[in-house]
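Asker: Pasting a structure here, questions to come.
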Amino acid sequence: MTHAAQFYIDGQWVDPVTPSWFELIDPSTERGFARLAMGDAADVDRAVAAARRALPAFSATTSAERLALLQRIVEIYQRRYEEFAETMRLEMGSPITFSRQGQASRGPAHLNALIEVLKTFEFEHQQGTTRLRLEPVGVCGLITPWNWPVNQIVVKIAPALAAGCTMVLKPSEYSPLTALLFTEVLEEAGVPPGVFNLVNGDGPRVGAAIAAHPDIDMVSFTGSTRAGIEVAKTAAETVKRVAQELGGKSANILLDDVNLQDAVTRAVAACFTNSGQSCSIPTRLLVPRPLLQDAAEIARKAALTYRLGPTEDANTQLGPLVNRNQFARVQKLIQQGIDEGAELVVGGVGLPDGFSQGYYVKPTVFSAVTPEMTIAQEEIFGPVLSIMPYDTEEQAIAIANGTDYGLAAYVQSASQERARSVARQLRAGNVHLNYPPADFQAPFGGYKRSGNGREWGEAGLREYLEIKSMVGFGLSDD
């Protein structure tokens, strides 16, 4: 937290032009623990100017040089691994065990996946008489959310570096310390001055200034669909590239041949990942109507096993939500589910028993949820599962596709071929069959209002590259 009062611009820790201050709150105790300096458009101007100056030299580096840089970053990250876990525990309320195993682990996972891509990636190749050359898009503005702090900055910073781009990062003001810590890693790894710059602040002042800046060539944004729309509108004035990973309302279809006990228990675990604060988790559980009551009972028992408690306790499984506003929003949506007639199986409004402080939410399961209900359509971002009955496979697919979102979907079946058949019909960027392990090379992104563009692996790298066609390159002088 030594740099919470500063930004990182042109290889130096610098004071804001005109600082304002934001109190950082531990969401498990509701007590402040640090003050964060917040910037404005003047700070963005300084950072963009530094990135623009650094672009010619960095874009001319070889892929081997950039590969060595990424490898140094991984080595330093691993040495400071526990600091990352502790920082995310403190600033966004991630229980320490999940912070170690789920949050902090994403940094090296994505870096190592990209390193493998970069080892064999061709930035130039011949196509007939035309030479295709992939070049860095330029100066990139990176705007990241609070819910997966290191994951989201790494899947933007790492491919931008690998491509030869320079950048300005604005992390969420609710999880800035992870970004400051990663900045220290980049500095130690020898990222050249001006290649990476960081300005803390909020969306209306710093985020909007990045999106509008005429010297920024691309904006990569992760956050809510509402905010993504504003970023895209603002960026349109300067015709810059915009990549967005936005909201989700992912369906998890259980076909009638599943092991119900296993499938539902794992569905609850997936929905409660990161205390439900994940855009791609399966929050709608679709089950055959004859299995609805059994599924609800299995989900109820599973939800009751989750331990809520202090985030420093290694046995805590569910931590608080990130802030008071998010807590209030989730409480409102739970109450709407009750008011609109969904069957409350377990959980509900109010703090969990035994809690008088912290933004903790009761692990909540609804059953008999219908597609038109608010909790079936809106992203809740809390530990809230909606169980929905269906009568035919075709109806299940229609329900799954029947929201504005299309980030992820899940299919469970005893037959892999049945699962594949359903997966092909789902309008989602990522479809997970039978609870597979994570694939950090798989393109990540969504259909519809879940955004555009892809992150992770080779697809993420390509987002930061322009294609140059050198026509006639292969013709001889004769």
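Values quoted throughout were computed directly from the atomic coordinates according to the rules given, and no laboratory measurement underlies them. Note that the structure is a prediction, hence the values are computed from the model and not measured. Cβ placement follows ideal geometry from the backbone for every residue including glycine, while neighbour counts extend to all protein chains displayed.
Asker: Residue farthest toward the positive end of the dipole of the chain, with Cβ of Lys/Arg at +1 and Asp/Glu at -1: which of Tyr390, Ala269, Gly472?
Answerer: It is Tyr390.
Asker: Using the alpha-carbon centroid of each, what span in Å lies between region 398-416 and region 263-284?
Answerer: 14 Å
Asker: Given a Förster distance of 25 Å, report the FRET efficiency between Trp13 and Asp45 from their Cβ-Cβ distance, rounded to the nearest 0.05.
Answerer: For R0 = 25 Å, the calculated efficiency reads 0.90.
Asker: Next up: Once you mark the trypsin sites (Lys or Arg not before Pro) that are in a DSSP loop and have at most 14 other Cβ atoms within 10 Å, what is the longest gap between them in the chain?
Answerer: 1-306
Asker: Dipole of the chain (Lys/Arg Cβ +1, Asp/Glu Cβ -1, origin at the Cα centre): which of Ala212, Gly358, Phe327 lies farthest to the positive side?
Answerer: Ranked along the dipole, the leading option is Phe327.
Asker: Tell me the relative contact order for region 250-443 as a rounded percent, counting alpha carbon contacts under 8 Å between residues six or more apart.
Answerer: Normalised by residue count, the contact order of region 250-443 is 27 percent.
Asker: Give the calculated FRET efficiency between Ser356 and Val471 to the nearest 0.05, with a Förster radius of 60 Å applied to their Cβ-Cβ distance.
Answerer: Plugging the Cβ-Cβ distance into 1/(1 + (r/R0)^6) gives 0.30.
Asker: Would you mind calculating the relative contact order of region 285-373 from Cα pairs under 8 angstrom and at least 6 residues apart, reporting the percent as a whole number?
Answerer: 30 percent
Asker: Here is a follow-up. Just for the chain, what percent of DSSP beta bridges are antiparallel, to the closest 5?
Answerer: Looking only at bridges with both residues in the chain, the antiparallel portion is about 45 percent.
Asker: Still on this structure, I have one more. Once amide H atoms are built 1.01 Å from N in the peptide plane, which residues 5 or more positions from Leu385, or in another chain, come under 5 Å H to H?
Answerer: So Leu385 has HN proximity to Thr364, Val365, Phe366.
Asker: I've got another one for you. Which whole-number percent gives the relative contact order of region 14-167, counting Cα pairs below 8 Å spaced six or more residues apart?
Answerer: Normalised by residue count, the contact order of region 14-167 is 26 percent.
Asker: Ignoring everything except DSSP H segments at least 4 long, calculate the 222 nm mean residue ellipticity for the chain; use -39,500 (n - 2.57) per segment, divide by total residues, nearest 500.
Answerer: It lands at -11500 deg cm²/dmol.
Asker: Ok, one more. Plugging the Kirkwood radius over Cα pairs into Stokes-Einstein for the chain, at a temperature of 37 °C and a viscosity of 0.692 mPa s, what D comes out in µm²/s?
Answerer: Answer, rounded: 142 µm²/s.
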